[in-house]
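Working notes, structure below.
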Amino acid sequence: FELDAKIPFSEIAVPTLDTVRMSYVIQILALEMNNILCVGATGTGKSVVVNQQLGKDMPERFLPKFMAFSASTSANMTQDQIDVVMDKRRKGIFGPPLGKKMLIIVDDLNMPAKEEYGAQPPIEVIRQWMDHKGWYDRKTFEFRNLVDISFSGVMGPPGGGRTALSNRLMRQFNILGFPEMGVPSLKMIFNTI
């Protein structure tokens, strides 16, 4: 790997053995429109790998849609961010432009705060799509089927403001665990830079 001198320091991503492995698996799963959940501690490169692989290195027929959850993200915000990029195909059927597939990438998937009864509404909206392939329009109360989309989530382990996801959502994903970087990987990254 050779560093391009024109790349800003903040955008440098030195590939390691683990990130190359994960990139390959992510690409295979994404090409088949599988839902992917990348889990790992802070600094393991999961967000960088997912954003690079799904945002830049996919064929042209795939459209990435990046979202980031925070403690204040609401279900309405989540639904609106996805609905705004969907085209109407026919009555009740929505999706990306014809001939395209949309990869919705959610960073910090487990960040939304739990409500009074323990639910996380933004996550429940995503789970509703996974279980029923759509959701109800809040204005017309008609069911909107969403086609040709898949979700990829990135999250850290529970703790420090992050919560555990429900098993009802987790069962819908192919889960990839990003290991913490070892000393050889860290030496390679810093020697390269």
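Taking the Cα centre of segment 100-147 as reference, the dipole from Cβ charges on Lys and Arg (+1) and Asp and Glu (-1) amounts to some 340 debye. Remark: C-alpha extents of segment 85-135 on the principal axes read 40, 23, 16 Å, sorted largest to smallest. Less than 5 angstrom separates the built amide H of W135 from those of R144, L146, all sequence-distant by 5 or more or on a different chain. Of all stretches in the chain that contain no chymotrypsin sites (Phe, Trp or Tyr not before Pro) in a DSSP loop with at most 14 other Cβ atoms within 10 Å, the longest one is 2-116. Phi angles of segment 94-107 translate, via the Karplus equation with coefficients 6.51, -1.76, 1.60 and θ = phi - 60°, into HN-Hα couplings of 10, x, x, x, 3, x, 10, 10, 9, 9, 8, 10, 10, 8 Hz per residue; Gly and Pro are given as x. Amide H to amide H, with H built 1.01 Å from N, M58 comes under 5 Å of no residue 5 or more places away or on another chain.
Membrane-span-like helices in the chain, defined purely by DSSP H runs whose alpha carbon atoms cover 20 Å or more axially and whose average Kyte-Doolittle hydropathy reaches -0.5, are 17-31. Among K88, K56, the sequence by solvent-accessible area, most first, with a 1.4 Å probe is K56, K88.
Within the same chain, lysines fewer than 8 places from K139 are excluded, and of the rest, those with a Cα less than 18 Å from its Cα are K88, K91. Evaluate segment 98-177: find the radius of gyration of its Cα atoms, find its Kirkwood radius, and give the ratio Rg to Rh. Reported Rg/Rh, Kirkwood definition of Rh: 0.99. Along the axis of the charge dipole computed for the chain (Cβ charges of +1 for Lys and Arg, -1 for Asp and Glu, origin at the Cα centre), the listed residues S10, M22, G118 are led at the positive end by G118.
The values are calculated or read from the model by the stated rules, or taken from the named source; none is laboratory data. This is a predicted model, so every value here is computed, not measured. Positions of Cβ are backbone-derived with ideal geometry, glycine not excepted, and every protein chain shown enters the neighbour counts. Note: areas computed on protein heavy atoms with side chains; ligands, DNA, RNA excluded. Shrake-Rupley method; radii C 1.70, N 1.55, O 1.52, S 1.80 Å.
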